[in-house]
Amino acid sequence: MSGLVASRLISEFLFAFGALFAIINPVGLAFVFLDKTKSLSERERASVAFRVALYCFAVLLVSLFIGSQILNFFGISIPALRIAGGLVVAASGWAMPHAPPPAHDTHATSTGNFEAVRQMAFFPLTIPLTTGPGTIATAIAIGANRPNDLDELFSTTVAWFAVSFVVTVAIYLAYKRSGTMPAWSARKSPASSPEGVVEVARSVLEVASPS
């Protein structure tokens, strides 16, 4: 019996972790987080990253365990939520190549903007940047398959708590160390830096646009 519980726990963990980690993509979002917190020192950025991670942990747990009930209460279907998430992602992707180029300045070490950025930890840094409609819809879809059997429910609950914790830790570490990512990515490939990604996206749009 314990072997079946352990097997289900591992299966639930791998399935939920793979789905949520892939759609959140903490490493990719770290560049956006860095742009929003570029006026902060490394210590202040780590503090904001920790707060965002806590909010993400709460959002994931709520979505997994009672997300479907909340949607039913407001009369919102999961397909509608997925469409909204897709529109948000599409809008963000379209806005990126049209954004003005970032200023090439050094990271500030003053605390002048710390309070203003800290108040942005939940909105927009947690929702919709990190755990947006796509992530919430995925978590709700996973939570909608909650079993009724007591043993299976226990293993599923443990797996979901573990997934939420591990994903949250990954978000925190990626955001905390986001200040070192541009230099690393530039050494690996100029196109993998934030400016390089924007330039590649602009080139693709120019080629795809009708003349």
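The values are calculated or read from the model by the stated rules, or taken from the named source; none is laboratory data. All values reported here derive from a predicted model rather than from experimental measurement. Note that we place each Cβ from the backbone using ideal geometry, even for glycine, and neighbour counts take in every protein chain shown.
Couple of notes before you dig in:
- Selection within the stretch 38-52 - at pLDDT below 90 and among the β-branched types (V, I, T): none
- Among (1) more than 24 Å from V62 (Cβ to Cβ); (2) at pLDDT below 85; (3) not acidic (D, E), the one test that N145 misses: (1)
- Exclusive hit being within 11 Å of the chain's Cα centre (by Cα), assigned to a helix (DSSP H, G or I) and of a type outside the set (K, R), set F15, F33: F33
- When every residue of the stretch 120-133 is checked against the conditions, none turns out to be within 17 Å of G28 (Cβ to Cβ), buried (at least 16 other Cβ atoms within 10 Å of the Cβ) and modelled with pLDDT under 80.
- The sole residue among P79, P97 that is at pLDDT below 90 and loosely packed, with under 13 Cβ neighbours inside 10 Å is P79.
- Test for L125: is it within 18 Å of L87 (Cβ to Cβ) and in contact (Cβ under 8 Å) with a residue 60 or more places away in the chain: no
- Of everything in the stretch 67-76 that is hydrophobic (A, V, I, L, M, F, W, C) and touching a helix residue (DSSP H, G or I) at 6+ places or on another chain (Cβ under 8 Å), the residue that is modelled with the lowest pLDDT is L71.
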